[in-house]
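Right, one structure below, let's go through it.
The values are calculated or read from the model by the stated rules, or taken from the named source; none is laboratory data. Everything numeric in this text was worked out from a predicted model, so none of it was measured. Using ideal geometry, Cβ is built from the backbone for each residue, glycine included, and neighbour counts are taken over all protein chains shown.
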C-alpha cells in the first residue's frame, strides 16, 4: 500500500494537521492506535444498575487562544459549546462529551484506528511505516515517499518537508 502523506495520531493536533492538508487539496491518512479518536479528549461510558453513565477524563475543555482554532472548533457547533467561566480566552467543551469534538472535526478524514506504529524506517526512495508485524504504508518506488510535515495543532508546517531533502546535521 502506498500513502503520500501519513499522520501518526488522531488527537486534536493530528486532526488539525489533516484538516489543513485536506483544505489544500491533499489526501492524508491518519493512523491511531486506539479504538476511538481524540487522544486525551476522551469520554467513557459505564453501565450501573441498567443506567448508562458518561464521564470525561483527560482534557476537561480546550482553550481557544487563536482565532483560527476557535473558528475551526465553532465550525461544528453541534459538537462544541462555550463554557463561560470568566477566563480571558473562551473555554470550549465537546458535546455530548469531550470526544464529540474531535469526532466531529475528523468527519470525512481517512482515519485508521487500531494501528499502533512501532517504527519509521528510511528506505531507498521513501519511508516505511511499521505497525506491529504489518507495514501499512510505504512511499511508492521512484517517488519521494510520504511527506514529512511537522504539525503542531493549528500551526501545521507548510509546505511539507520532502523525505529526501530532510537530513540530520552531521555530528560534530
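Residues in the range 20-31 that are within 12 Å of the chain's Cα centre (by Cα) and at pLDDT 90 or above: 21, 28, 29, 30, 31. When 39, 34 are checked against the criterion of being within 24 Å of residue 132 (Cβ to Cβ) and within 9 Å of the chain's Cα centre (by Cα), 39 stands alone in meeting it. Is it the case that some residue within the range 69-84 is at pLDDT below 90, surrounded by fewer than 10 Cβ atoms within 10 Å (Cβ to Cβ) and assigned to a loop (DSSP other than H, G, I, E, B)? Yes, that holds for at least one residue. Restricting the range 85-102 to residues that are out of contact with any helix residue (DSSP H, G or I) (no Cβ under 7 Å at 6 or more places or on another chain) and within 23 Å of residue 30 (Cα to Cα), which is surrounded by the fewest Cβ atoms within 10 Å (Cβ to Cβ)? Per the criteria, the residue is 97. Would you confirm whether or not the range 48-59 contains a residue that is part of a strand (DSSP E or B) and out of contact with any strand residue (DSSP E or B) (no Cβ under 8 Å at 6 or more places or on another chain)? Yes - at least one qualifying residue is present in the range 48-59. Every condition in (1) in contact with a helix residue (DSSP H, G or I) (Cβ under 8 Å, 6 or more places away or on another chain); (2) at negative phi holds for residue 39 except the one numbered (2).
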